[in-house]
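Report on one structure; see the data block that follows.
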Ligand SMILES: [Zn+2]
């Protein structure tokens, strides 16, 4: 072995040692900054979780297609595997997506428990922006228990997220100033929490419940709604566009004929929107109706 070659070998091996040495120190560092793995059933709850979690973890939502009716969602083996790996599973509850409870998640948190809503009550809790605000606070607390070193950061993130919801509360307040407790009708109880906050009265609760349950409303319920439309007893009709019932299609036609405005809402997050832009576009439609009157 030449002197030069031996020197080169020494340099290379000491370099190698340095790499190994550094590597040995890097491994435990990585392990201590482990990520919180969150799974949510609905995508808008995933948005809340991501906002509060920041870069301290990952969020996976199970229902992300606006074409899937969450009422009919069937979990697969893949769904079960995703849920089993989660540190926290966030779901709606109140009977809406309770299938997720059967999937062996480590820890669960429901919007219904945060809002103290019982099974059987209106389950479309996300149509109350207050639900998202309270959920954000609760998530900050839960994440803080899992990673006490990031407690302050989670709290800060929740505050920032709640500020983004202020736009919606402002719109609700503005609508309430001109709703005057007027009557409205709905195809399904999807939008009811928002309507309540706006100060509107729902004239056809029995009709709406039937559509939600997938059955046709009774003849007398349909007749009453038709009369309300013809006699202009309602300010507007709220249509869930994700439902394709022929009864609703005929009601919408009757509204158009009698110049009763139709507000289109969806049960799930549209593809090109986030929670705030989704709800605010629906709220804007009602502000527009109020302005025309
Ligand atoms: Zn529904």
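The values are calculated or read from the model by the stated rules, or taken from the named source; none is laboratory data. Note that this is a predicted model, so its numbers are computed, not measured. Here the Cβ positions follow ideal geometry from the backbone for every residue, glycine too, while neighbour counts run over all protein chains shown.
Kindly establish whether residue 66 is modelled with pLDDT under 95, outside any helix (DSSP H, G or I) and in contact with a helix residue (DSSP H, G or I) (Cβ under 6 Å, 6 or more places away or on another chain). Lay out the reasoning, then the answer.
Numbers: modelled with pLDDT under 95: yes; outside any helix (DSSP H, G or I): yes; in contact with a helix residue (DSSP H, G or I) (Cβ under 6 Å, 6 or more places away or on another chain): no.
When the stated conditions are applied, residue 66 does not pass them.
Check 243, 277, 218, 281 and return the single one that is within 16 Å of the ligand (Cβ to nearest atom) and either surrounded by fewer than 18 Cβ atoms within 10 Å (Cβ to Cβ) or at pLDDT below 95 (or both).
Only one candidate passes the filter, namely 243.
Inspect all residues belonging to the range 162-183 and state whether any of them is within 16 Å of the ligand (Cβ to nearest atom), farther than 19 Å from residue 88 by Cβ and outside any helix (DSSP H, G or I).
Within the range 162-183, not a single residue is within 16 Å of the ligand (Cβ to nearest atom), farther than 19 Å from residue 88 by Cβ and outside any helix (DSSP H, G or I).
Is it true that residue 146 is modelled with pLDDT of 95 or more and touching a strand residue (DSSP E or B) at 6+ places or on another chain (Cβ under 8 Å)?
yes
For residue 288, all conditions in the list (1) farther than 25 Å from residue 61 by Cα; (2) at pLDDT 95 or above; (3) surrounded by 15 or more Cβ atoms within 10 Å (Cβ to Cβ) hold save one; what is the number of the exception?
Here residue 288 clears every test but (3).
Yes or no: the range 102-118 includes at least one residue that is in contact with a helix residue (DSSP H, G or I) (Cβ under 6 Å, 6 or more places away or on another chain), farther than 28 Å from residue 283 by Cα and exposed (fewer than 15 other Cβ atoms within 10 Å of the Cβ).
Yes: the range 102-118 contains one or more residues that are in contact with a helix residue (DSSP H, G or I) (Cβ under 6 Å, 6 or more places away or on another chain), farther than 28 Å from residue 283 by Cα and exposed (fewer than 15 other Cβ atoms within 10 Å of the Cβ).
Give the range 173-196 a look and list any residue that's within 21 Å of residue 293 (Cα to Cα) and buried (at least 20 other Cβ atoms within 10 Å of the Cβ), or say none.
If the condition is that a residue be within 21 Å of residue 293 (Cα to Cα) and buried (at least 20 other Cβ atoms within 10 Å of the Cβ), then 175, 184, 185, 186, 194, 195 are the ones that fit.
Are any residues in the range 213-258 over 28 Å from the mean Cα position of the chain (by Cα), under 14 Å from residue 184 (Cα atoms) and free of Cβ contacts under 8 Å to residues at least 60 places away in the same chain, and if so, which ones?
224, 225, 226, 227, 228, 229, 230, 231, 232, 233, 234, 255, listed by residue number.
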